[in-house]
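Scroll down for the structure; my scribbles are underneath it.
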Amino acid sequence: MSANKQLLIQYNLHTFLFNSVLLDIVEEESAIRLVPGINNIKWLAGHLVWGQLGLAQIGGVNVNIPWTDHFNTQLTKPVNPAIDMPTLEEIKIEWNKYANPIREGLEQMSDEQLNSAIEFPMPEFKTQEDLWAFINHHQAYTIGQIGILRRALGKDAMKYI
């Protein structure tokens with residue numbers, strides 16, 4: 001199986017799990033910080049959408065989400081106060097709006113494109129394929145954090161089917 005197909009399997013799983021882990025979480029719950037200094041569910045969901053921007057760039061897909069800068073570092077208030085913090089529902093809508101176009105862009109990547117060199121702050125990531133694998137890991141890690149917070153809120157565990 002090609003690297004592209006393996007990475008796409010993970011990408012598809014993340015889209016399913018993103019929606020599964022947020023099922024039945026309401027806006028008020030999404031903003032709860034269970035312990036000082038940790039991210040809440042809304043921030044983590046927004047950060048996942050922010051991570052999708054890297055995949056969109058790799059796949060050559062134009063994505064325009066005005067509030068993603070609110071989620072690129074650990075912040076409790078908007079980076080640009082002129083742009084409102086989105087609701088959890090708006091975050092879910094944006095993920096699902098762009099999931100298929102990003103997937104299609106990634107699916108079209110040739111082996112040559114995947115193996116093309118990149119400059120990245122972490123020296124072990126040298127190609128587009130390496131970066132895509134890193135972002136996939138990042139997405140899985142963040143979904144897992146939401147899964148833990150979901151259980152701490154008394155919700156059922158995230159479903160895989």
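Just so it is clear, none of the values below were taken in a lab; they were calculated from the coordinates. This structure is a prediction, so every number in the text was calculated from the model and none was measured. So basically every Cβ, Gly included, is an ideal-geometry build from the backbone, and we count neighbours across all protein chains shown.
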Any chance the stretch 21-39 includes a residue that's under 13 Å from Asn96 (Cα atoms) and surrounded by 17 or more Cβ atoms within 10 Å (Cβ to Cβ)? yes
Can you tell me which residue among Val21, Val35 is within 22 Å of Ile148 (Cβ to Cβ) and free of Cβ contacts under 8 Å to residues at least 12 places away in the same chain? Val35
Take the residues of the stretch 2-20 that are of a type in the set (Phe, Trp, Tyr) and buried (at least 18 other Cβ atoms within 10 Å of the Cβ): which is nearest to Thr142 (Cα to Cα)? Phe18
β-branched (Val, Ile, Thr) and either in contact with a helix residue (DSSP H, G or I) (Cβ under 6 Å, 6 or more places away or on another chain) or over 20 Å from Val26 (Cβ atoms) (or both) - does that describe any residue in the stretch 93-101? no
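Check whether at least one residue in the stretch 68-80 is farther than 21 Å from Ile146 by Cβ and over 13 Å from the mean Cα position of the chain (by Cα), and report yes or no.
yes
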Complete set of residues in the stretch 99-146 that are small (Gly, Ala, Ser) and within 20 Å of the chain's Cα centre (by Cα): Ala99, Gly105, Ala133, Ala140, Gly144
For the stretch 91-122: of the residues being assigned to a loop (DSSP other than H, G, I, E, B) and not polar (S, T, N, Q), which is surrounded by the fewest Cβ atoms within 10 Å (Cβ to Cβ)? Pro121
Considering only the stretch 123-137, state which residues are buried (at least 19 other Cβ atoms within 10 Å of the Cβ) and in contact with a Ser or Thr (Cβ under 7 Å, 6 or more places away or on another chain). Gln128
